[in-house]
Amino acid sequence: MPTLIRMPALSPTMTEGTLARWLKNEGDGVEPGDVIAEIETDKATMEVEAVDEGTLGKILVADGTEGVAVNSVIAVLVGEGEDPQSVEAATAELGDTAVPEPRSVPQPSAAKPAPPEDEPPAEAPAQAPAPPPAAVSEPAAPAQPSPPGSRVSASPLARRMAAQAGLELASIRGSGPHGRIVKADIDRALQMGGAPTTDEAEAAPERIELTNVRKVIATRLLEAKQTIPHFYLETDAEAGALLDLRRRINADLEREQRVTVNDLVVKATAMALRRVPEVNSAWGGDHIVRHRAVHVAVAVAVDDGLFTPVVRNTDRKGIREIAREIRSLVQKTRAGKLMPEEYQGGTFSVSNLGMYGIGAFAAVINPPQGGILAVGAAAERPVVRDGVVTAAPVMTLTLSGDHRVIDGAVGARWLAELRKLIEHPALMLA
Amino acid sequence: MREISVREAIRDAMAEEMRRDESVFLMGEEVAEYEGAYKVSQGLLKEFGPERVVDTPITEAGFAGVGVGAAMMGLRPIVEFMTWNFAMQAIDQIVNSAAKTRYMSGGLLGLPIVFRGPNGVASQVAAQHSQDYGAWYAHVPGLKVVAPFDAADAKGLLTAAIRDPDPVVFLEHELLYGESGQVPDGEHVAELGRARVVRPGRDVTLVSWSRGVSLVLDAAAELAEQGIDAEVIDLRSLRPLDRATLLGSVQRTHRIVSVEEGWPSCGVGAEIVATVVAEAFDALDAPPQRVSGADVPMPYAAHLEALALPLSETVVRVAHEVCYTDG
């Protein structure tokens, strides 16, 4: 039996289009995927691909015909071995019934009759109307009504609004009596940018009001990223000696007195800032602020945000003192008992995500400071010693610098100093 | 503008038209010497004399028939029924003679006649004297049916009815006669067949006529406090029905509630709902609803009578229903 090729709907709202051009002639062979014609709508020109193979038996709508209704038959495809004469029989049968009303096309205006009640009007995809190439040809069977029981309860207005917006009613949850979809439901779906399925509606985004901490974080970090020209330098430091030192310090200490890797990095950072004071600086608008004191701020994560309590005069404090102070600051932070003077006045920050398994990252500068160090995990990595690859603990250190204050070479010098201090912690005594 | 009662507005319309056109005359029971059972024809006998203000015997079929004959012969009778309940005696003259004559004479005979009097519910006058005939006459091709609410419309619509070349059933309301309102000075003619948007609104259309408009306005005020912006339409004419105004309103509000004193079955509300469903289907967000009188003969007992009438609380509840909101 010959296959009827119908005018495709290139979008859910398309009701008719122009058959711009046939790319195959009557009698030409057609393979699935062959472009056989071009269709124009007011929005676009689309290619029509063949779905079935066969021979283009008869073209019923000539090149350049305007106002061709969607779903009307535009050509007949005959299969192998089929009598081309059968084309005549097929086209003769067309009559009125073979050119059904475009059942997959939502009615564009109220003036036209509403879609039948027992058929969801929008069979087209809910969003992003895409040309359905598979709809190009279909067997010459009469249009099947939707199976019974598929009726969605919706007010006529809601039905029309959904059709116009290309929303699938079946995917919208009705708030009216007996689950009837009403105008308010369509309005809601449109507001949310489409039709949520029932599951999606239940999984709809939750609105979380901002805490003051979150507001401050948002303001400060936005200010930082918008106004500070960040640049990033990264280096790897072997951490074997540092870990060894930590082990030895902790050997005789109670658990709660033990020193962390981060405490040691904070100490090294402070020493490096003392040795390369250009990095212990900040932008002052029309001048540069070169801090004489080294106050390292330590990023502390809490459930709902982030604090940076400050260890004052970090460079002058011993490891255990720094460890004790940081431990106390962290406890206060998590208890929400941090005092303003305990988180203000830092000259440089250290952020360490090593304990979360992060290898390397770049941190956002904490205004009004001029730089921040991001510390990754000290993990075993392959290193080359004397031409031999061997395993050793390595940590990646990333400096984020304010380029208005710190130039790349200065940053590099500072990072090299820090690396040296971490790889040879005894130098912290020098 | 001046403030007068509905009773005076009706009298003024008749008096002005009788001054303007000598063929206009009034007849009915007690219209002349007694000046109307409800004192609507005050001063008319004195001004126009017994030839044009005619007291009739108590025979509705008789004087309604005389009026129909007079209209056929070129006069413009105003036939007053003491109440529309008594016009049941004359309904053959109204429906079979008045309404159909233009059609059956092939257009040769016009019938410029006004049948008027109080219609609808009154206070504790029981089943036979307390009912709404709006739907009865609105059913009949060949009639125009008018039911004014305020004084201005009472005057403007009655003037238009008297001047109309066809029979007009003019339904007044006993409980509105004493209500006052602003009426334009001088000649005031309203257009028959036009509804009026009394209160524009966004969320739901409340349509009524005659005394029902006051119920609906009360309901709209209460709904406004509850966040629902109701549009109120005074239908004014039950036949012809102003479909354009109704449909235009529903296109905006997507919801409609009709409110009438009469019985629900085959009532004017049924016609309104059918019109809206057929012609504004795609604009509807909820099934159109009716609030009507109870489907029973009007009880005599005051507490039962109150329950048989539409109430503004009921209108508020049904408006919430169609808005899918909680009242």
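Every read-out reported here was derived from the displayed coordinates using simple, explicitly stated rules and does not represent laboratory data. Every value quoted in this text rests on a predicted model; they were computed, and no experiment measured them. Backbone-built Cβ (ideal geometry, glycine too); neighbour counts: all protein chains shown.
For this structure, a couple of remarks:
- Cα gyration tensor shape for the range B:207-260, rounded if a/c is under 1.5, else prolate or oblate: oblate
- The long axis of helix B:268-279 is offset from the longest Cα principal axis of chain B by roughly 60 degrees.
- Lys/Arg +1, Asp/Glu -1 at C-beta; the range B:196-323 dipole; positive extreme among B:T314, B:V268, B:G227: B:V268
- Over 30 Å between alpha carbons, listed pairs A:K317/A:K337; A:K215/A:K317; A:K225/A:K267; A:K183/B:K144; B:K46/B:K100: A:K215/A:K317; A:K183/B:K144; B:K46/B:K100
- Under the combined filter of DSSP loop state and at most 14 neighbouring Cβ atoms within 10 Å, the range B:214-249 retains none of its GluC sites (Glu not before Pro).
- Fewest-first ranking of B:S105, A:S153, B:S237, using other Cβ atoms within 10 Å as the exposure measure: B:S105, A:S153, B:S237
- Which of A:H287, B:H139 has the fewest Cβ neighbours within 10 Å, and the rest in rising order: A:H287, B:H139
- Compared with the dominant Cα axis of chain B, that is its longest principal axis, helix B:243-253 is turned about 20°.
- Cα centroid separation - the range A:349-389 against the range A:45-75, whole Å: 63 Å
- Each of B:V125, B:L108, B:G69 was placed along the dipole of chain B (beta-carbon charges, centred on the mean Cα), and the one lying farthest toward the positive end is B:L108.
- Taken over the alpha carbons of the range A:212-429 as equal point scatterers, the Debye sum produces base-10 log I(q)/I(0) values at 0.11 Å⁻¹ of -0.51.
- By the helix-only formula, in which each DSSP H run with n ≥ 4 contributes -39500 (n - 2.57) and the sum is divided by residues, chain B has a 222 nm mean residue ellipticity of -10000 deg cm²/dmol.
- Rounded tilt (10° steps) of B:312-323 against the dominant C-alpha axis of chain B: 50 degrees
- Gyration tensor verdict on the range B:2-183 (Cα atoms; rounded if a/c is under 1.5, prolate if a/b is larger than b/c, oblate otherwise): rounded
- Of the trypsin sites (Lys or Arg not before Pro) in the range B:181-283, those whose Cβ has at most 12 other Cβ within 10 Å and which sit in DSSP loop: B:R202
- Here the contact order of chain B, divided by its residue count and restricted to Cα pairs under 8 Å and six or more residues apart, works out to 16 percent.
- Relative intensity, log₁₀ I(q)/I(0), of the protein assembly as shown from a Debye sum that treats every alpha carbon as a point, q = 0.07, 0.09 Å⁻¹: -0.80, -0.91
- Highest-MSF residue in chain B out of B:L241, B:L109, B:L75 [GNM, Cα springs under 10 Å]: B:L109
- Each part gets one Cα centre, and for the range B:30-60 versus the range B:143-182 those centres are 18 Å apart.
- Counting neighbouring beta carbons within 10 Å and listing from fewest to most, the residues B:V213, A:V152, B:V277 come out as B:V277, A:V152, B:V213.
- Multiplying the residue separation of A:V289 and A:V302 by 0.36 nm and removing their Cα-Cα distance gives an extension gain of 1.6 nm.
- Cα gyration tensor shape of the range A:293-334, rounded if a/c is under 1.5, else prolate or oblate by comparing a/b with b/c: oblate
- Computed label-point distance, nm, for sites A:L23 and B:D92 using a 7 Å Cα→Cβ extension: 8.3 nm
- Residue (of B:L206, B:A160, B:P141) at the positive-pole extreme of chain B, dipole from beta-carbon charges: B:P141
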